[in-house]
Every structure is written in C-alpha cells, then in structure tokens.
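The values are calculated or read from the model by the stated rules, or taken from the named source; none is laboratory data. From a predicted model like this one, the values you see are computed outputs, not experimental measurements. Note that we place each Cβ from the backbone using ideal geometry, even for glycine, and neighbour counts take in every protein chain shown.
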Amino acid sequence: LYKKTFIEHFEQAPMYVAVLTFLGFGVGTIFGYLRDFMRAWGLEKRNVATEREQQKDFVPLYQDFENFYTRNLYMRIRDNWNRPICSVPGPQFDLMERVTDDYNWTFRFTGRTIKNVINMGSYNYLGFAETDVNALKTVTIELQKYGTGICSTRQEMGTLDKHVELEKLVAKFLGVEDAMVFGMGFATNSMNIPALVGKGCLILSDELNHTSLVLGARLSGATIRIFKHNNMQSLEKLLRDAIIYGQPRSHRAWRKIIILVEGIYSMEGSIVRLPEIVSLKKKYKAYLYLDEAHSIGAVGATGRGVVEYFGMSPDDVDVLMGTFTKSFGAAGGYIAGKKDLVDFLRTHSHSAVYATSMCPPVAEQIIRAMKCLMGQDGTTQGLQRVRQLGKNTRYFRRRLHEMGFIIYGNDDSPVVPLLLYMPGKIGAFARRMLEKNIGVVVVGFPATPITESRARFCVSAAHTREMLDTVLNALDELGDFLHLKYSRYSKSSHPELYEETRLELED
Amino acid sequence: MYVWVLAHRPGKSLYSPISGSVVLPARFEMLCNLFYRIKMNVGVAHSEVNPNTRVMNSRGMWLTYALGVGMLHIVLLSIPFFSVPVAWTLTNVIHNLGMYVFLHAVKGTPFETPDQGKARLLTHWEQLDYGVQFTSSRKFFTISPIILYFLASFYTKYDPTHFILNTTSLLTVLIPKLPQLHGVRIFGINKY
C-alpha cells in the first residue's frame, strides 16, 4: 500500500517527567489558591476586572473559578503570546519590544524594535509571505483595477472573471475536474460540510480534527463518531459497527457515511494514513473528505499535497479541501473534486449563498503563487521552493532527533512539535528563545493534554541553512540548560566524537 | 470568543451513560459518550470538551498521587512531637481532607470549557470520565483511602480514639463517591 516508508514518532517521555509535570501543575495550583486568598482578603492588589461594591449581592456576573487557570498560570507567562510584530511575517520579522512592570498584567512598549527575529511560528511553508515589490506587481495592478472588496455573494453578483480563472487554475493544479474557492478557510469547512451531509448521515471524524471541521460537522445535524487519531483499527471498527447496526434506534441504513480527516495535523505534525483510509473507504463504500490546510503545497514532490505524497490519484478522494492561508501566502479556501460535486456546491453551499466572495487582489496572489508552483511563470522557482522545504524539513527533524529531543509527527511534515512537558519550561523556553532572537510558538494545557505541552516549529522554504543552524544551535544550548533532551532513541548526540573514538580504536 | 453551538437531546442528562439503546461493546461506549458532545473548541488541539475528565487518567497521575501521599507521611513522621500512631492518623485525616476538598467540594473547571457550563455545578469527581461510573480512575481513588485506612488502623493498634477519627474521616471521603450520590447535594450544601 505504501510506496515509501511511513515513519511517525510519538515517543513517550520517561515516567519521572510526567510526575514532575504534575508536581509543577500542583505547585502552581497551590500558589494560585494562596494568591486568590490573599487577593480576596485584600492583602494583594486585584488586577482582574471585578464587579462594583453595589453588585456584590447580585448573582455573580462571571465565575471566579473558571478564570483560575488564566489568572494564576497563564498570566505568569502571558508575554510569550500575542507579541506585536511590525513587519511581514517572513522567515525573519521585527518584533516590538514590550516590557511589563506588574508581572504581565499590563504591557508597555519601550519604543524599540527587535530586528530580524527568526520566525519559526508562521505557517509560511513555501515562503510566499514576502514584500518583494517585483513579486507582488501583478497583485498591485489587480488592486488598482478591481478594488479591495466585493460586496456581494457568489450567486448574486460576486463571481468575477478572476474567480473563474482561479478555480480553473486550482482544478488544474490538483488534477481534478473542477474547484470552487471561498473567501475564508475556516468558513470553507464550516459552511460546506452542512451542504454535503445532513440528518441521517454519519460523520466519522478524527480525534484531533480542527475546530472548523468540528463546527461544520455539528452544524450539519449528522451523527458524529470519533475515531482515535490516525488509528485505522478504530476507524474500521466504527465503519463496521455503523454498517452492521445502522442508525441508533431505527437500525435503518445510514444515508451517507463520510470520513473527515486532515492532511497534516497542525499540533501533532502527523500525516494522515491515506492509502489505508482509501482502501477502507472503498471496501465499506464511504466518502472521504480530506482537509489539506497544512499539507497543500507543503508535501508531495511538486507540492500537490498528501495525495501526491502517497502516489495516489486525486480520484480516490471524494472531496479535496484546502486553504490558501498556509502555503500560498493569501487567504481563503477551496473545495475540489468531480464536476457534479462542485456544481452542487455552487448552488447549495451556505457560503455561496450568504458569504461574500474572495477579493480579487487575494485571488491574484493565489494565482501568482500557484503559477509559480506549477512552473507556468517561466521559472523553476516553484519547484525549488518545494524542494527547499523538503530539504529544510528533513534536515531540521534529523538534527533534532540526533540532539535527543522528543519530536512528534511524521519525518516529512514541516510542522515540528517539540515536547516540553513541564509548565515551567513553557515560559522559560519561549523567553530564552526570544533572547536569542528566535520567535517560537508554545502551547500548554488545556489546549494540549496535560502532560504534553509543546513548542511548535513551522519550517519554511524561505529559511536558509544558516537560519536553521542558528535555531538548532540555540536549541542545543537551551536543551542542555533546560534538560529537554528526553529521547531514549537518539541516534547520536555527538557524531564527531564517535568518529574520533572509532579512529582511535583502529590504531 | 466561543461560539455556542450545542444542541443536546432534550430530556437527557449529558453526564449519564447512554442507556436504552443497542448493547455496545465497552470500548465503544466511551466513543458513544461523545456523540452528543461534539462542540467547537477554539484554540485547542483536540476535540475533548472538558479536559478535566481526562486528567486523572493521564500517564503518571496515579504515581504522582501515591508519591504525594508518601511525601506527606514522611513529613509528618519527621516531626518529633508526633508518635507513629499520631502521624498515621494525621496522614489519613489530612489526605482525606485534601481529597474531599479537591474532589468533592470544588466545583467546575479552572478554565473555560465549550460545554456551555454543563460542568460548572459538578464536582471533579462527578466530572470524571463524563459521569461514567466504575472506571479505573474511580476505582483507584476509592480504594486508596481504604488502603490508607487499613494502614492507619494497623499502626495505631486499633486504639478507640484513633479509630473514631479515622473511620469518620474515611466515611466523609467514601460516601460522596457512591454512584447513588452522583449530583446529590444534601441540605443544599454546595449546590451553586
């Protein structure tokens, strides 16, 4: 089934790490209670919004306890999120320096900018987030010609020749019959899944699906069942039970069974097991909806996504969905597939009826990026970008594995989550990386499971080898300082030393 | 910030296991409990509505808990004024007090959840595994105060005063765990 080896790592850290993580959260909780007590009794200044004295006898406006985590743990390390930037988020960007006088409750800008911070957090996989004047020339021309926005829906007056051109190009790029583009990537999922499935249908969705897929599934009114992340046995069991038992009480057959998966999962860095899912879908006659938000442009030999990565034909997937936000440096999403499907969506999609269509300069940016990728602009720049991304990804992951960090995900995915585990290390890691002029994204509980806080790196084609080496050296130092190298399977942390001893032994 | 798009089956409590439908294998039941709980989780990496329900099942939690109790006991034994029976009774009582406060007194979640406040009036014990009874975490946390009680009774040599103290404190922690008392608030204490 698989034409090349499918290697995914989800290594578990040693048990003491989990124990220390819980201890960390426990200490944080106890101190949180202490501080709340001091705040309640007036021993400490209250920084959160509180009700007026006269309102104290009324039913409270909000639950104090629901804010416990935000108040006592998130506020301590809040300076690592929502950092204001003042340049385009390319491979490097400029940050506005901000300091806090009262432990992250308020910030103020010093007026300085931190220049050329290496950006490891933006979804800039192919490096199209650039402000090169020559590159964006066509976009500026279209902006002058069409204006900024279209104040109409697709079905009324909002379909321009730009949209038709873009849809033809997307269909050609993916190798399918037809495509339709929408103004918002999130809305592509949430507005189209209700058009495709309804009551009496069954949706089998992966555990770690994105919010937009969950919302679309919820809005459709279909029954939703969740299978374990990327676990084909779980999916097969659900499929078999669905077909054997039918709908919950009437036992009638389901009208439609649709499997919702993503190409690359952004928090885990894992790639979907597409060949197995397609064989399951063919065996049990279900439909497949593939959300390639992160994988279009980022995987595959020419950037056509997971379908190309696994060497499969786009006819195997019933609904190909993707976004232009990540690899194309624009905004919006598309749904592609057979002509009947897309024609149906043109008439029945909520987005086509109620939402405004994509604005022309953005469409032109996507057209330019896609033409570059397909090689239609006369250069091989597109292919070079895809190759560079692949090289960068493999290099980055290999070096991180060698250093001994625990990395999740597939060896070919440009999303690299590095596990930090302990809540104290989340703040320390992000702050120290900023001191070394590298911007990273960190995530903790409750967005991730309680023991699996992580830092997520997004490798870009625009990162040069020097930038990656800077980041890797910084990670090496920081890993030793913060004791993050938990992996028990690292190949070798110092390959050059190994070489030396081998020469010595040969003597 | 969160879009409320919940619509659950009318007349069915969200925190009771599915009943009256097809007999399904046990593994599948957990998935079934998620049928009516699929909501929008903004900014999170999973479709888990209330992460509090899974905390006690996490890897390392039971070990941390056991080590914590052990540490408490060692600290109490180190205090020179306490004899061994007193230290054991104190361990038992303080452990049960802590367990009562954190599992049966504190309600809701320390973070906002997208379940529109279904868990706000529920204690952590009632939230565990979305109200499914007799899961492994529930069994573990029911058995551990009993084991502590046995040890304390042994080390206090079944002295009457210690016995009364230990038994009452064990009862305060065992009775709220009964499935019949799921969601029950006696005399309206701790209702809101």
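Does A:Glu276 fit the bill of being crowded, with 21+ Cβ neighbours inside 10 Å and among the charged types (D, E, K, R)? If you could, list the steps in order and put the result at the bottom.
On the way: crowded, with 21+ Cβ neighbours inside 10 Å: no; among the charged types (D, E, K, R): yes.
Judged against the criteria, A:Glu276 is not a match.
Read through the list (1) within 30 Å of A:Arg346 (Cα to Cα); (2) crowded, with 24+ Cβ neighbours inside 10 Å; (3) within 11 Å of chain B (Cβ to nearest Cβ), then give the number of the only condition that A:Glu268 fails.
Result: A:Glu268 passes all but (1).
Which residue out of A:Ala455, A:Ala462, A:Ala430, A:Ala447 is assigned to a strand (DSSP E or B) and within 20 Å of the chain's Cα centre (by Cα)? Give the steps one after another, and end with the answer.
Working: A:Ala462 fails: assigned to a strand (DSSP E or B); A:Ala430 fails: assigned to a strand (DSSP E or B); A:Ala447 fails: assigned to a strand (DSSP E or B).
It is A:Ala455.
Count, please, the residues in segment A:178-232 that happen to be in a helix (DSSP H, G or I), within 11 Å of another protein chain (Cβ to nearest Cβ) and more than 27 Å from A:Lys339 (Cβ to Cβ).
Going through segment A:178-232 one residue at a time, the tally reaches 4.
Of all residues in segment A:207-239, count the ones that are basic (Lys, Arg) and closer than 22 Å to A:Pro449 by Cα.
2
Tell me, which residue of segment A:177-217 that is under 25 Å from A:Ser270 (Cβ atoms) and out of contact with any Ser or Thr (no Cβ under 8 Å at 6 or more places or on another chain) is modelled with the highest pLDDT?
Per the stated criteria, the residue is A:Leu204.
Looking at segment B:93-134, which of its residues are assigned to a loop (DSSP other than H, G, I, E, B), without any contact (Cβ under 8 Å) to a residue 60 or more places away in the chain and more than 13 Å from every other protein chain (Cβ to nearest Cβ)? Quick ask: steps written out before the conclusion?
Filtering segment B:93-134 down to residues assigned to a loop (DSSP other than H, G, I, E, B) leaves B:106, B:108-122, B:132-134.
Going one step further and asking which of them are without any contact (Cβ under 8 Å) to a residue 60 or more places away in the chain, we end up with B:106, B:108-110, B:117, B:120, B:134.
Matches in segment B:93-134: B:Phe134 only.
Might you let me know whether segment A:82-97 holds any residue that is free of Cβ contacts under 8 Å to residues at least 40 places away in the same chain and within 14 Å of chain B (Cβ to nearest Cβ)?
yes
Please give the number of the condition B:Tyr158 fails out of (1) out of contact with any His (no Cβ under 7 Å at 6 or more places or on another chain); (2) in a helix (DSSP H, G or I).
Failed condition: (2).
Please go through segment A:127-150 and pick out each residue that is more than 30 Å from the chain's Cα centre (by Cα) and either surrounded by fewer than 17 Cβ atoms within 10 Å (Cβ to Cβ) or not in a helix (DSSP H, G or I) (or both).
A:Ile141, A:Gln144, A:Lys145, A:Gly147
With respect to the numbered conditions (1) surrounded by fewer than 11 Cβ atoms within 10 Å (Cβ to Cβ); (2) touching a helix residue (DSSP H, G or I) at 6+ places or on another chain (Cβ under 9 Å), which one is the sole condition not fulfilled by A:Gly32?
Exception for A:Gly32: condition (1).
Being farther than 19 Å from A:Met433 by Cα, surrounded by fewer than 16 Cβ atoms within 10 Å (Cβ to Cβ) and in contact (Cβ under 8 Å) with a residue 40 or more places away in the chain is true for just one of A:Asp64, A:Asp102. Which residue is that? Steps first, answer last, please.
On the way: A:Asp64 fails: in contact (Cβ under 8 Å) with a residue 40 or more places away in the chain.
Checking each option against the conditions leaves just A:Asp102.
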